[in-house]
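Student: The structure under discussion is supplied below as structure tokens; questions concerning it will follow.
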Amino acid sequence: MFFPNRHPPLVRLALALLAMLLFVVGYQWGNQVQMARQGPPAIQGVRLDPPLELPDFALRDPFGVRFDRASLEGHWTLLAFGDLAGELGQRAVQRLIETRNRLADQPKLLTALQLVLVQGTERLELARDFARLSPALHLLSGEPEMISTLRNALGLAMADRPDLLVIAPDRRLIAILPVAQDGAALAQDLRSLMGGHVP
């Protein structure tokens, strides 16, 4: 048995639109509350809490251009240490470039990211050759004491490893992406770390 609808069509339409609006508002509000409770996104690498403040430093690229702490401001930076003449340094460069290339589907993240390799020994000719691999790649060298101070501040006094360090635009080390991670995992961690912080 059906009862006749006593409301005119315009009233029924208005009620249906109001119901949809309430659903959308409730859904958005619920998502925001859930995201606020979740905290920072989970990553496979190691997140530092609290992040490490980088000390002042002054290095230079193979073309003589200065690169210092101010060069990190406003950029996301993937940093590694290694000697370009050795396997670990070359592997670190490969991981830096591969990780950045996996962000090619997200131009804003790609533009915001710079790559840095700090060499323990200055190899200008070799560094100039490697610099052609990517315009985002900075191959740096400098005084051994300066590099040692930087390494110690980052907790990397040990021998070179192709781990990647993630430095936020506020010049603080926020995560370490270990050598065990493959390219896909590295890129996913970067998306998670950078995702909500790139305009």
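The values are calculated or read from the model by the stated rules, or taken from the named source; none is laboratory data. All of these numbers come straight from a predicted model, not from anything done at the bench. Don't worry about glycine lacking a Cβ; one is built from the backbone with ideal geometry, like all the others, and counts go over all protein chains shown. Side chains included, ligands, DNA and RNA excluded: accessible areas come from the protein's heavy atoms. Shrake-Rupley method; radii C 1.70, N 1.55, O 1.52, S 1.80 Å.
Student: Work out from phi, with θ = phi - 60° and the Karplus expression 6.51 cos²θ - 1.76 cosθ + 1.60, the ³J(HN,Hα) of each residue of segment 78-87, listed in order in whole Hz, and give x for Gly and Pro.
Tutor: Working through the residues one at a time gives 9, 10, 9, 10, x, 9, 4, 7, x, 4 Hz.
Student: Net charge near ARG191: determine it from the other residues with C-beta under 14 Å of the C-beta of ARG191, scoring Lys and Arg +1 and Asp and Glu -1.
Tutor: Residues near ARG191 contribute +1 overall.
Student: Between GLU87 and ASP182, how high is the FRET efficiency from 1/(1 + (r/R0)^6) when r is the Cβ-Cβ distance and R₀ = 22 Å? Nearest 0.05.
Tutor: 0.75
Student: How would MET194, MET146 rank on accessible area, largest to smallest, probe 1.4 Å? List each step's numbers first, then the result.
Tutor: On the way: MET194 0, MET146 65 Å².
Result, largest first: MET146, MET194.
Student: Summarise the accessible area of segment 108-199 (1.4 Å probe, protein heavy atoms) by the percent that is carbon and sulfur.
Tutor: Reported share for carbon and sulfur atoms: 56 percent.
Student: Which one of LEU113, ALA127, PRO162 has its Cα pushed farthest toward the positive end of the charge dipole of segment 73-171, where Lys and Arg give +1 and Asp and Glu give -1 at the Cβ?
Tutor: LEU113
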